[in-house]
Amino acid sequence: MSIQSQFSPENEGLSALDQPPSTFHALEPAFLSDRVSGYFQHRVEGDWRGGHIMKGRRPGPNDLILSTNDYLSLTDHPHIVEAQVRALRENGRGILRSDVFRQGDDALRRFETELAALMGAGDVVTCQSGWNANVGLLQSIAGAETPVYIDMQAHTSLWEGILSAGATARPFRHNDPASLDRMAARHGPGVVAVDAVYSTSGETAPLVALADAAARHGCVMVVDESHSLGVFGARGEGLTAQLGVSGRVHFRTASLSKAFASRGGIVAGSARNMEYFRFESRPAIFSSGILPQEAAGFLATLRVIAEEGWRREALAENAEFLRARLAALDYNVEASQCQIVSLVAGAEANTMVLRDALERHGIFGSVFCAPATAKNRSLIRFSVNSSLTRGELERIAAVCGAIRHEVGLYGWSSTKKRKSPAGEPALRQSA
Ligand SMILES: Cc1ncc(COP(=O)(O)O)c(C=O)c1O
């Protein structure tokens, strides 16, 4: 399109945003165009046959959304919304700067102090995201000489932290303290990094045995509590505290975009280490900090999470109900020990068929594929929440039951690997 035709009479009256995009672009060197072409050729045209694994239908008003990590159903909580609105009215959008410049006793500081008390930590530092919490932490505690023993399935942000630190990743077998023991015996004291709950499977980590192994080899222990903070523990203090290992875990991190239904992250640790981290983490120095309405939201949310234990109970009941119903329908959900329940279709083509079948019946989960999973272990994740009704859970189960043959459930390798029960009786029972 020429410059003249972009401003031709047929485009008159359109705002700048309505204008067709310009087709002009800078000449690209081959390394860039080859890389982008590789994506379109191999992923879009090859693996997804011209479709896109992340682009399904748009949900309608009667559809069930199981892709939000708002586990405790807090996005519309009136106290939280009111606290944020009040903060906006009182502060505008605040002072825009990095959090290293922040001082004094504001809502963010109160949030950190109250969260530290809840978690049984010396102090808490708030970060812009769970990603920044993990990257900033590893970058500030590990160096080129530090081995970082990382669970093979740990979240990508922990791996990114190792890269950012220039440290050496020493991966150990998933959820296997003996494997950690062997690695640490060979390479010496370092950092152990694990997730408390694994975000694609819903498995919990054997934190007691891992902390024992870390302590035996003089390691620093880092646990990512993104999917367990707010969910585990009588007041939502997380899995480390629930299991009584807080005294042997040096740092706990979390995203606030799961049970906290916000956008942010935290690191919890000793007061001295947190004072160090607050001023040494590169995301804290070189990226802008938290806005006042976000801080007010964190604080209000924390109080709701601690006080409204019935939400945790409802969540646990809902997750258990759905897991049991799916297991009876022959889906392999054996890994899940919490609110994350995944259907592992395997090959990406299978996951696209599963996505379409679920969405046609109004059930919207999250697609996970490479690089979030191995290419042959792609899946649809259901994030259960506390406000799902029994009727809605029954609807999900009914849909999953009805589509089993259409989606080829009995050909999936995850189905074949089920330990129990044998498939046939469950199939007859629920068919
Ligand atoms: C285990 C885990 N850690 C860290 C993160 C990153 O959190 P955020 O989305 O707040 O950057 C996520 C989110 O996907 C996660 O699942």
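Just so it is clear, none of the values below were taken in a lab; they were calculated from the coordinates. What you see is a predicted model, and the numbers here were worked out from it, not measured in a lab. A quick note on method: Cβ atoms are made from the backbone with ideal geometry, for glycine too, and the neighbour counts reach across all protein chains shown.
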Alpha carbon centre of the range 229-258 versus the range 370-410: separation in Å?
27
Cross-link partners among lysines for Lys419, C-alpha distance below 27 Å, same-chain residues fewer than 8 apart left out?
Lys375
Pull out the extension gain between Ala185 and Ala117, defined as 0.36 nm times the separation in residues minus the alpha carbon to alpha carbon distance; nm, one decimal.
21.0 nm
Label-point separation in nm, Arg35 to Leu88, each point 7 Å along Cα→Cβ:
3.7
The range 304-353 and the range 43-100 have their Cα centres apart by a whole-number Å value of 21
Just to verify a number: FRET efficiency for Ala316 and Lys419, C-beta to C-beta distance, R0 = 22 Å, to 0.05?
0.45
Can you compute the charge dipole magnitude of the chain about its Cα centre, using +1 on each Lys and Arg Cβ and -1 on each Asp and Glu Cβ, nothing else charged? Give it in debye, rounded to the nearest 20.
820
Under Stokes-Einstein, the range 292-362 at 4 °C and 1.567 mPa s, with its Kirkwood radius over C-alpha pairs, diffuses with a coefficient in µm²/s of 87
Calculate, in nm to one decimal, what Ala328 and Arg390 gain on full extension: separation in residues at 0.36 nm each, minus their alpha carbon distance.
20.7 nm
Sites Ala26 and Ala374, calculated FRET efficiency, Cβ-Cβ separation with R0 45 Å, nearest 0.05:
0.80
In sequence order, what are the phi-derived ³J(HN,Hα) couplings for the range 101-113 according to the Karplus relation 6.51 cos²θ - 1.76 cosθ + 1.60 with θ = phi - 60°, rounded to whole Hz, with x for glycine and proline?
8, 6, 9, x, 9, 10, 4, 5, 5, 5, 4, 4, 5
Ordering of 58-69, 354-365 by burial proxy (mean other Cβ atoms within 10 Å per residue, highest first)
354-365, 58-69
For the range 135-242, give the share of DSSP beta bridges that are antiparallel, in percent and rounded to the nearest 5; count only bridges with both residues there.
5
Placing unit charges on C-beta atoms (Lys and Arg positive, Asp and Glu negative, everything else neutral), compute the dipole magnitude of the range 78-307 about its Cα centre in debye, rounded to 20.
220
Rounded to the nearest 5, what % of the DSSP beta bridges within the chain are antiparallel ones?
50
Counting Lys and Arg as +1 and Asp and Glu as -1, each charge on the Cβ, what is the dipole of the range 310-430 about the Cα centre in debye, to the nearest 20?
240
Please report the antiparallel percentage of DSSP beta bridges with both residues in the range 78-307, rounded to the nearest 5.
40
Report the Cα centroid-to-centroid distance between the range 197-215 and the range 118-163 in angstrom, as an integer.
15
Per the helix-only model, the chain has a calculated mean residue ellipticity at 222 nm (DSSP H runs of ≥4, -39500 (n - 2.57) each, divided over all residues, rounded to the nearest 500) of -12000 deg cm²/dmol
Report the per residue volume, in Å³, of the convex hull enclosing the C-alpha atoms of the chain.
192
Under 15 Å between alpha carbons, and skipping anything fewer than 8 positions from Lys258 in its own chain: which aspartates and glutamates qualify?
Asp70, Asp76, Asp195, Asp224, Glu225, Glu237, Glu294
Would you work out which of Ser140, Leu66, Phe101 lies farthest towards the positive end of the dipole of the range 61-144, given +1 charges on the beta-carbon of Lys and Arg and -1 on that of Asp and Glu, about the Cα centre?
Phe101
Given Cβ charges of +1 for Lys and Arg and -1 for Asp and Glu, the option among Pro189, Met221, Val125 whose Cα lies farthest towards the positive end of the dipole of the range 78-307 is Val125
